[in-house]
Amino acid sequence: MRAMLLDAPGRPLRVAELPRPEPGPGQVVLSVRACGVCRTDLHIADGDLPNPKLPLILGHEIVGTVAALGPGVAGMRVGARVGVPWLGWTCGECSFCGSGRENLCERARFTGCQLDGGYAEFTVADARYLFPLPDGYSDLAAAPLLCAGLVGYRSLVAAGDAVRLGLYGFGAAAHIVAQVARHQGRRVFAFTRPRDDDAQRFARTLGAEWAGGSEAPPPEPLDAAIIFAPVGSLVPTALRAVTRGGTVVCAGIHMSEIPAFPYEILWGERVVRSVANLTRRDGAEFLKLAPSVPVRTTVEPFPLERANEALARLRQGSLRGAAVLALAAP
Ligand SMILES: [Zn+2]
Ligand SMILES: [Zn+2]
C-alpha cells in the first residue's frame, strides 16, 4: 500500500510502499477513504509531543470502509463505513478508565501517534474504538468531525453553560464548535490572527456575531473562552476577556509557554483548564448531535502524496476550515 511516512521529527513525510496491515484479535483493517489533517499531526511531525512510534503514519481523523475482520470481532461487517478517532486503545483497568475518564488513561495509545494512522491506503484499528458515521456526510465532510469535531465538542462542554463564548483561533475545530454553539443558543465571538480579514469573514458566515484580532478586547465580557491556537500568550488575553466565574479552556495538546500574569485576572473564580483527548462517550454524543444541528464542514481536499503541502498550509494558517487527504474518488 501507499503511505506517507514520518521517519523522524523535523523531516518531511515521504511516500512509501508498505505491506498492507493484517488484523490482530479484535482489530479490523480499513480501506481509508479520507483522513483529516489535524494540528496535532504538525506537533508530532515537529517533535513537540513525547513518544511517537517511529517510523509513523500520521492521521487520526480516518473515514474508511471495513476491508477485513480479525478474530473475535463481532457486530461489524465488511463494507461498513466507520470513523477512527485519536483514542485508539485504553487499558480498561486504571482508575481513570474505571471512572468514565478513559481520555486520561495513562496507558492509552493514540491513532497516528503510538499507532499507525490514516495517511495511507489501509489502516488497522481496534474495533471497540470505531464510530459508525452519520449518513448525509460525504467521506471528506465527515473526516473533520472525528477530531476537530469531537475535541471541539468536549471543549464546549468544558465551557459549561456560558452564553457569551469566545473562540481563539478560527480553524477546523472552531468552525464546527461555532455552529454547535449557535444551535444551543449561545453567542459566538471569534478571535483570529490580527488582520486576518478572510478568517473573520468566515467566522461571521458561521454565526459569530463579532470577529476580530486576538489582541482586541471583545465588545462585551465573555462568559467563557476556548483557545484552539497553540499560543500560550492567549491564556492571559482570554482571562482578561472573561467575566467573573468565567472559564478559559485550552483545547490543544501542545501550547507555547504561558507568560506570567497578575493574580487579579484569575481572581473572581475564573478558571483555566485544559481538555485532553476524548472518550468514546464524547464521540457517540457528538456524532448524534452533528447531523441535528446540522454541522456543515468546510474542507479543502489534498491527494495523499501532497500531505506535506496540507501540513504547510495548516502551519501558515491559510486554510479555510479543514484540510483532508482524499484517498477515494468522491
Ligand atoms: Zn486506563
Ligand atoms: Zn486531532
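The values are calculated or read from the model by the stated rules, or taken from the named source; none is laboratory data. Keep in mind that what you see is a predicted model, and the values were worked out from it rather than measured. Glycine also receives a Cβ, built like all others from the backbone with ideal geometry; neighbour counts cover every protein chain displayed. All accessible areas refer to the heavy atoms of the entire protein, side chains included, with ligands and DNA or RNA removed. Shrake-Rupley method; radii C 1.70, N 1.55, O 1.52, S 1.80 Å.
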> Which of the residues that make up the range 261-289 are assigned to a helix (DSSP H, G or I), over 26 Å from Leu49 (Cβ atoms) and not charged (D, E, K, R)?
Replying inline: Tyr263, Ile265, Ala284, Leu289
>> Looking at Glu121, Glu106 in this structure, which one is near ligand 1 (Cβ under 10 Å from one of its atoms), among the acidic types (Asp, Glu) and surrounded by fewer than 22 Cβ atoms within 10 Å (Cβ to Cβ)?
In response: Glu106
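Yes/no matrix, rows are residues, columns are (1) more than 11 Å from the chain's Cα centre (by Cα); (2) within 26 Å of Pro301 (Cα to Cα); (3) within 16 Å of ligand 2 (Cβ to nearest atom); (4) touching a residue at least 60 places away in the same chain (Cβ under 8 Å):
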{"residue": "Pro132", "(1), (2), (3), (4)": "yes, yes, no, yes"}
{"residue": "Leu140", "(1), (2), (3), (4)": "yes, yes, no, yes"}
{"residue": "Cys147", "(1), (2), (3), (4)": "no, yes, yes, yes"}
{"residue": "Leu150", "(1), (2), (3), (4)": "no, yes, yes, yes"}
{"residue": "Val163", "(1), (2), (3), (4)": "yes, no, no, yes"}
{"residue": "Ala172", "(1), (2), (3), (4)": "no, yes, yes, yes"}
{"residue": "Arg186", "(1), (2), (3), (4)": "yes, no, no, no"}
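Condition check ((1) within 16 Å of ligand 1 (Cβ to nearest atom); (2) among the hydrophobic types (A, V, I, L, M, F, W, C); (3) more than 21 Å from the chain's Cα centre (by Cα); (4) open to solvent by less than 10 Å² (accessible area, probe 1.4 Å)) across all residues:
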residue: His43; (1), (2), (3), (4): no, no, no, no
residue: Asp46; (1), (2), (3), (4): no, no, no, no
residue: Val73; (1), (2), (3), (4): no, yes, yes, no
residue: Gly83; (1), (2), (3), (4): no, no, no, yes
residue: Trp89; (1), (2), (3), (4): yes, yes, no, no
>> Looking at Gly59, Gly64 in this structure, which one is away from ligand 1 (no atom under 16 Å from the Cβ), open to solvent by less than 10 Å² (accessible area, probe 1.4 Å) and farther than 30 Å from Met255 by Cβ?
In response: Gly64
> Mind checking whether some residue in the range 278-296 is open to solvent by 50 Å² or more (accessible area, probe 1.4 Å) and either touching a Gly at 6+ places or on another chain (Cβ under 6 Å) or farther than 23 Å from Ala181 by Cα (or both)?
Replying inline: yes
>> Residues to consider are Cys94, Cys113; find the one that is within 14 Å of ligand 2 (Cβ to nearest atom) and assigned to a loop (DSSP other than H, G, I, E, B).
In response: Cys113
